[in-house]
Amino acid sequence: MNTVLNTVRGAGVVVTGAGGGIGAALARRFAAEGARVVVNDLNAAKAAAVADAIGAVAVPGDASLIVGDARAALGGAVDIYCANAGVGFPPGHELPGDDVWSTAWDVNVMAHVRASRELIPGWLERGAGRFVSTVSAAGLLTMIGEPAYSVTKHGALAYAEWLSLTYRHRGLKVHAICPQGVRTDMLAATGSAGELVLARTAIEPEAVADALFTAMAEDRFLVLPHPEAAGLYRARADDPERWLDSMNRVQRKWEGGESAERGASGGS
């Protein structure tokens, strides 16, 4: 871990969607380890509150458009970028309209693409940079009741994988954080679906930050704050039909309004 802490100490770090939840926990952890942190959130008051509490700088606004302002706030260089901002929707809309799909695609995928497009040329020139993508276990598995969230989180994971396999030999480190339930406002918004498959094993946002730092120390791409997600991911790959049948049982249980004793899915 000392090597990672030496890398983090003094680094310029940007965390998007950091007005609360996982983003705020990441910002607090990086600041505690000596990084110079930019806290981004659409809600300017929330961004300012977190920044003031940890001695960071608030740069509110659309996560897709703040790289330039964040770079200026850090004195010219971003060393670590945490693409954490994300959007989910209340479950139950099985065939959402184009507006929902467009928003989910823009926030959950394209914000990552736009940020990396701004950052990667400089990182390649320097031979160093770290991109952290908050994906969700929904990107490894899926989430009942939330098609747009599940599909775009799969896209976010695919993009993070592409960045890693394309640029790792040129000094770019990439991490994809894939938690299941995390006690945040987003989990609360999942309603009965989240209660069924996520609430029982939900963790605090600080545990997600801990998992990221462990993965950075191990130079590991996939960050699994819920280690059991690895087994579910393997089961999905090994026997897709069986996995789909098991998830359909969860779906039917949710439709029937039953409380969950067990279930397997992902989301944050």
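Values as computed for the structure displayed
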| read-out | value |
| --- | --- |
| Hits in segment 35-44 (condition: open to solvent by less than 40 Å² (accessible area, probe 1.4 Å) and not charged (D, E, K, R)) | ALA35, VAL37, VAL38, VAL39, ASN40 |
| Subset tally (residues that are outside any helix (DSSP H, G or I) and either among the charged types (D, E, K, R) or within 20 Å of GLY21 (Cβ to Cβ) (or both)) for segment 84-138 | 16 |
| Test: residue in segment 24-34 that is open to solvent by less than 50 Å² (accessible area, probe 1.4 Å), more than 25 Å from ALA211 (Cβ to Cβ) and part of a helix (DSSP H, G or I) | no |
| Total residues in segment 55-69, condition among the β-branched types (Val, Ile, Thr) and open to solvent by 40 Å² or more (accessible area, probe 1.4 Å) | 1 |
| Among (1) out of contact with any Lys or Arg (no Cβ under 8 Å at 6 or more places or on another chain); (2) closer than 26 Å to ARG117 by Cβ; (3) at pLDDT below 95 - the single one PHE89 does not satisfy | (2) |
| Residue match in segment 48-58 (condition: in contact with a Pro (Cβ under 6 Å, 6 or more places away or on another chain) and not aliphatic (A, V, I, L, M)) | no |
| Subset of segment 13-54 (residues that are closer than 21 Å to VAL135 by Cβ and polar (S, T, N, Q)) | THR16, ASN40 |
| Filtered residues of segment 1-16 (kept if open to solvent by less than 20 Å² (accessible area, probe 1.4 Å) and not in a helix (DSSP H, G or I)) | ALA11, GLY12, VAL13, VAL14, VAL15, THR16 |
| Failed condition for ALA148, given (1) at pLDDT 95 or above; (2) crowded, with 20+ Cβ neighbours inside 10 Å | (1) |
| Selection within segment 158-179 - open to solvent by 10 Å² or more (accessible area, probe 1.4 Å) and either within 18 Å of TRP105 (Cβ to Cβ) or touching a Pro at 6+ places or on another chain (Cβ under 8 Å) (or both) | ALA158, TYR159, GLU161, TRP162 |
| Options ALA47, ALA72; residue that is modelled with pLDDT of 95 or more, surrounded by fewer than 17 Cβ atoms within 10 Å (Cβ to Cβ) and assigned to a helix (DSSP H, G or I) | ALA72 |
| Single unsatisfied condition, THR190 versus (1) within 16 Å of the chain's Cα centre (by Cα); (2) modelled with pLDDT under 95; (3) open to solvent by less than 40 Å² (accessible area, probe 1.4 Å) | (1) |
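The values are calculated or read from the model by the stated rules, or taken from the named source; none is laboratory data. The structure displayed is predicted, hence computed values, not measured ones. Neighbour counts run over all protein chains shown; Cβ positions are idealised from the backbone, glycine included. Ligands, DNA and RNA are stripped out before the accessible areas are found, and what is left, the full protein with its side chains, is counted by its heavy atoms. Shrake-Rupley method; radii C 1.70, N 1.55, O 1.52, S 1.80 Å.
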